[in-house]
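Asker: Shown below is the structure under consideration.
Quick note: the coordinates plus some simple rules give every number you see, no bench work behind them. Note that the structure is a prediction, hence the values are computed from the model and not measured. Here the Cβ positions follow ideal geometry from the backbone for every residue, glycine too, while neighbour counts run over all protein chains shown.
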Amino acid sequence: MKNFQPNFSHIYIERNAMDYPLAQIALSKFPKAKFVEIEHYKDIFNRPKQHFQIQKSSMKLILAKKTAPFLYPASEMIQEYETPNVFYTTPILNCLYNCDYCFLQGMYPSGNLVIFVNENDFFKSIQEKLKNLENPLKPLVIPISYNTDLMAMENIIPITSNWIKFVRELDNLKIEIRTKSALFSSIENISPPKNVILSWTLSPLEICEKYERTAPPVHRRINSMKSAIEKGWLVRLCIDPVLLIDRWEDKYNRFITDLFREIDGKKLVDITLGVFRMNKDYFNRIRKRESRSDIYYDNYIIENGTVTPPIELRTHAMETLKKHILTIHPKMRILIWE
């Protein structure tokens, strides 16, 4: 068995990123780490012949200064947000977790994490975008943890709380912070703004144990979600991706029934549902690396450059789960990627 060093045993830092407060916070958390100055994060992150999965066993931290652009048009993989003004941003590249179905392992050449420490430049970019919206009558919506899990990193670096403080007073802006973490406690003392949605991704136990092994157990996520609801936060439930495994209907329906015995569904903002889908290039890259997960050997189709189950299967899945949810909470707002 190979002996891996602990996560963040090495921290690479761009010379022009050294003096930022976030960089100093990150460095202070790992006093025993080996610090290496670099010119540009891509010299480390984009090196050829890296092995994503081996690196995930001993992740290194890269601290960098991001340059424009800071906002990107939303991917078609994201659920409908009922506004044309949807962009995502990338305060961190890569995730502390390593779920089997995650597109990041096909998107990035490296399993290491990049933290962009110049957060004020992100904030200025958003302030400028608010002045130039395609439809100013609709809000600007920004998922800020699309390529990472920000809340999972909050005990290392306070990016989640900093973003919450930034957006609190901004009109016509909403941010979504999606997570699988059990770390709501890291922000629970912050007064909940009305333009921040905390979104928890939950899955049946069988899915968590097989495909989400590095994320917190589902019961801990549920407890964190319950605490957020009780504290008055806007909370979204994400059941996404729905994996069409053997007896998926029974497993997901039972999971949903049990979940609503624990949380008050009437206090949710909404629920998002979606089946497995991935950019075909990312998918093929993962398969080429000989992924051991059976997810990558199922029967899929390619539709508009996206690998996904055939339309009849995904439509049936979404309608089945939607119907089950509505039998429990008839007025529930449900957003679906089909």
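Asker: Decide, for segment 56-145, between rounded, prolate and oblate: order the square roots of the alpha carbon gyration tensor eigenvalues as a ≥ b ≥ c, take rounded if a/c falls under 1.5, and otherwise choose prolate if a/b is larger than b/c, else oblate. Before the final figure, lay out the partial values.
Answerer: Values: a/c = 3.35, a/b = 1.55, b/c = 2.16.
Oblate, because a/c is 1.5 or more while a/b does not exceed b/c.
Asker: Taking the Cα centre of segment 83-165 as the origin, how large is its charge dipole in debye, to the nearest 20, when only Lys and Arg (+1) and Asp and Glu (-1) carry charge on their Cβ atoms?
Answerer: Values: 5 positive and 7 negative charges, 61 e Å.
Value, rounded to 20: 300 debye.
Asker: Answer with one residue from VAL218, LEU237, VAL196: the one whose Cα lies farthest towards the positive end of the charge dipole of segment 145-263, charges on Cβ with Lys, Arg +1 and Asp, Glu -1.
Answerer: Value computed over the given set: VAL196.
Asker: Separate question: How big is the dipole moment of segment 21-118 about its Cα centre under a simple scheme where the beta carbon of each Lys and Arg is +1, that of each Asp and Glu is -1, and everything else is neutral? Debye, nearest 20, please. Provide the component values of the computation, followed by the final result.
Answerer: On the way: 10 positive and 7 negative charges, 131 e Å.
Computed charge dipole of segment 21-118: roughly 640 debye.
Asker: Lys and Arg at +1, Asp and Glu at -1: add these up for the other residues within a Cβ distance under 12 Å of GLU39 and post the number.
Answerer: Numbers: positive: ARG15, LYS42, LYS65; negative: GLU14, GLU37, ASP43.
Summing Lys and Arg as +1 and Asp and Glu as -1 gives 0.
Asker: Give me the net charge of ALA215's neighbourhood, meaning all other residues with Cβ under 13 Å from the Cβ of ALA215; Lys, Arg count +1, Asp, Glu -1.
Answerer: Working: positive: LYS56, ARG178, LYS180, LYS210, ARG213, ARG220, ARG221; negative: ASP100, ASP149, GLU209, GLU212.
Around ALA215, the charge tally is +3.
Asker: Bin all alpha-carbon pair distances of the chain at 20 Å intervals from 0 and give each bin's fraction as a whole percent.
Answerer: Pair shares across the bins are 30, 61, 10.
Asker: Let me ask something else about it. Can you work out the Karplus-derived ³J(HN,Hα) for every residue in segment 307-320? Use 6.51 cos²θ - 1.76 cosθ + 1.60 with θ = phi - 60°, whole Hz, and x for glycine or proline.
Answerer: With the stated coefficients, segment 307-320 comes to 7, 7, x, x, 4, 5, 6, 6, 5, 4, 4, 5, 5, 4 Hz.
Asker: Report, by chain and number, residues whose modeled amide H sits under 5 Å from the one on ASP240, excluding near sequence neighbours (fewer than 5 apart, same chain).
Answerer: HN-HN under 5 Å from ASP240: LEU202.
Asker: Quickly estimate the mean residue ellipticity at 222 nm for the chain, helices only: each DSSP H run with n ≥ 4 gives -39500 (n - 2.57), and the total goes over all residues, rounded to 500.
Answerer: Values: 11 runs with 105 residues, N = 338.
Taken over the chain, the calculation gives -9000 deg cm²/dmol.
Asker: Can you pull out the GluC sites (Glu not before Pro) in segment 146-224 whose DSSP state is coil and whose Cβ has at most 12 other Cβ atoms within 10 Å? Let's see the in-between values first.
Answerer: Values: sites: GLU154, GLU169, GLU176, GLU188, GLU206, GLU209, GLU212; in loops: GLU154, GLU169, GLU188, GLU212.
Here the GluC sites (Glu not before Pro) that fit, given the DSSP loop and packing criteria, are GLU169.
Asker: Please work out the C-alpha center-to-center distance from segment 234-309 to segment 15-37 and express it in whole Å.
Answerer: So the two Cα centres are separated by 37 Å.
Asker: Which ³J(HN,Hα) values in Hz, rounded to whole numbers, follow from the phi angles of segment 148-153 under the Karplus curve 6.51 cos²θ - 1.76 cosθ + 1.60, where θ = phi - 60° and Gly and Pro get x?
Answerer: 6, 10, 4, 5, 5, 9
Asker: If you don't mind, there's one more thing I want to ask. Mean-square fluctuation check for the chain, GNM, Cα pairs under 10 Å: which of LYS280, LYS322, LYS131 is largest?
Answerer: Taking springs between Cα atoms under 10 Å, the residue moving most is LYS131.
Asker: Given +1 on the Cβ of Lys and Arg, -1 on the Cβ of Asp and Glu, and no further charges, what dipole in debye does the chain carry about its Cα centre, rounded to the nearest 20? Numbers along the way, then the final one.
Answerer: Working: 47 positive and 39 negative charges, 131 e Å.
Once rounded to the nearest 20, the dipole reads 620 debye.
Asker: Grab the Cα-Cα distance for GLU312 and MET332, subtract it from 0.36 nm times how many residues apart they are, and report the gain in nm with one decimal.
Answerer: Details: separation 20, 0.36 × 20 = 7.20 nm, distance 2.40 nm.
Going from the current span to full extension adds 4.8 nm.
Asker: Enumerate the amide H contacts of LYS174 below 5 Å, restricted to partners 5 or more residues apart or on another chain; note that Pro and chain-start residues carry no placed amide H.
Answerer: Answer set, sorted by chain and number: LEU140, VAL141, ILE142.
Asker: Which one of HIS316, TYR252, SER227 is farthest out on the positive end of the charge dipole of the chain, using unit charges on Cβ (Lys, Arg +1; Asp, Glu -1) and the Cα centre as origin?
Answerer: After comparing all options, I get SER227.
Asker: Which whole-Hz ³J(HN,Hα) couplings does segment 244-255 yield from phi under the Karplus relation 6.51 cos²θ - 1.76 cosθ + 1.60, θ = phi - 60°, glycine and proline marked x?
Answerer: Computed from phi, the couplings for segment 244-255 are 8, 7, 4, 6, 4, 4, 4, 5, 6, 5, 5, 4 Hz.
Asker: Grab the Cα-Cα distance for GLU188 and GLU230, subtract it from 0.36 nm times how many residues apart they are, and report the gain in nm with one decimal.
Answerer: Working: separation 42, 0.36 × 42 = 15.12 nm, distance 1.03 nm.
Answer, rounded to one decimal: 14.1 nm.
Asker: For the pair LEU205 and LYS323, what calculated FRET efficiency results from E = 1/(1 + (r/R0)^6), where r is the Cβ-Cβ distance and R0 = 30 Å, to the nearest 0.05?
Answerer: Details: r = 22 Å, r/R0 = 0.74.
With R0 = 30 Å, the Cβ-Cβ based efficiency is 0.85.
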